[in-house]
Amino acid sequence: MSRRGWALFLGMGVIWGVPYAMIRVAVGDFDPVVVAFGRTALGALVLLPIALYTKVFLPVLRQWRWLLVYTLVEITGPWLLIGKAETTLTSSTVGLLIAAVPLIAIVLVTVGGHERLDTRRIIGLLIGFAGVAALVGLDIDVSNMGALGAIAISVVGYALGPIIISRKLTGLPPIGVVTATLVFAAVIYLPFAMLRLPAHYPAAASWSVVGLGLLCTALAFVVFFALIGEVGPARATVITYINPAVALLIGVSLLHEPLTAGMAIGFPLVILGSILGTARSRAEIPEPAPA
């Protein structure tokens, strides 16, 4: 990976490790759909003037159908479902479960015929899913199965998103795509958010929504699209190696969430499985072009 790729990788790992704690704080006072709407609306308000000024917003709307599909699987569904899940699950647990995204991504690209599922990747998938099973079995009781299902759907959506970008939206200006998807998502959320507006706006929850919109959405998506262009869709999801570590650190140190046996066992297994499952083999590394 190039220096630029590593910089984007590390930056995204941190930026998308922070949201889980912010969401946990926000949904303590606001309905999850209000949090999701605030996040997308703020991100769209920041990026829309830039996209219009650079004339990249209207051209991407020609692909509105795939933009809408991408919006639903990468933003609208996951951001609402994760918010709902964090009303019962800790931010640390959610962050670690989201670490399964690279495992699902490699399965999807393999089924689509774009990757080969060799012995190393099979071992990686088995180890990774064993880690998820350990985390779920030790940390999540039966009463939280609805939240677990919400996270499972979100994981699949996060794995599909980069594939859609690579296969259907490649070549489009990243700022235009990000802006359009945020506008679509905000419009979808709007009528539901209006029905659930809070009576009070506590400072901690309000600032969490602002941080989600500006840092973890507007800035994050620009960096994420650059990362996809640099390393490809399946490996772009490997930022989830760092995300759960950041989420765990913030959850335990700042939100005083417990460090459980499921986390201690499941986290390293998920990360090891993801590394084995997504790392390139020698056969996949292209030979340098002759001088």
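General remarks:
- For the stretch 57-77, the criterion of being of a type in the set (D, E, K, R), within 17 Å of the chain's Cα centre (by Cα) and surrounded by fewer than 23 Cβ atoms within 10 Å (Cβ to Cβ) is met by none of the residues.
- Restricting attention to the stretch 141-180 and to residues that are within 20 Å of the chain's Cα centre (by Cα) and over 28 Å from Val231 (Cα atoms), the residue that is modelled with the highest pLDDT turns out to be Ala150.
- Of everything in the stretch 141-155 that is open to solvent by 50 Å² or more (accessible area, probe 1.4 Å) and part of a helix (DSSP H, G or I), the residue that is nearest to Leu276 (Cα to Cα) is Ala152.
- Counting only helices (runs of 4 or more DSSP H) that fall entirely inside the stretch 181-291 and contain at least 2 residues that are at pLDDT 85 or above, within 30 Å of Gly171 (Cα to Cα) and under 18 Å from the mean Cα position of the chain (by Cα), the qualifying elements are 203-213.
- Residues that are farther than 22 Å from Arg196 by Cβ and at pLDDT 90 or above within the stretch 1-20 comprise just one, Val18.
- Lone qualifier among Ile104, Ile75, Ile127 - being modelled with pLDDT of 85 or more and under 22 Å from Ser208 (Cβ atoms): Ile75
- Close pairs (7 angstrom Cβ cut-off, 6 or more residues apart or separate chains): open to solvent by 100 Å² or more (accessible area, probe 1.4 Å) in the stretch 187-198, assigned to a helix (DSSP H, G or I) anywhere: Phe192/Val33; Arg196/Val33; Arg196/Val34
- Hey, Gly38 touching a residue at least 40 places away in the same chain (Cβ under 8 Å) and crowded, with 20+ Cβ neighbours inside 10 Å or not: yes
- All of Gly11, Gly17 fail the test of being under 14 Å from the mean Cα position of the chain (by Cα) and outside any helix (DSSP H, G or I), apart from Gly17.
The values are calculated or read from the model by the stated rules, or taken from the named source; none is laboratory data. Everything quoted here is computed from the prediction, not taken from an experiment. Every residue, glycine as well, gets a Cβ built from its backbone with ideal geometry; the counts of neighbours run over all protein chains shown. Side chains included, ligands, DNA and RNA excluded: accessible areas come from the protein's heavy atoms. Shrake-Rupley method; radii C 1.70, N 1.55, O 1.52, S 1.80 Å.
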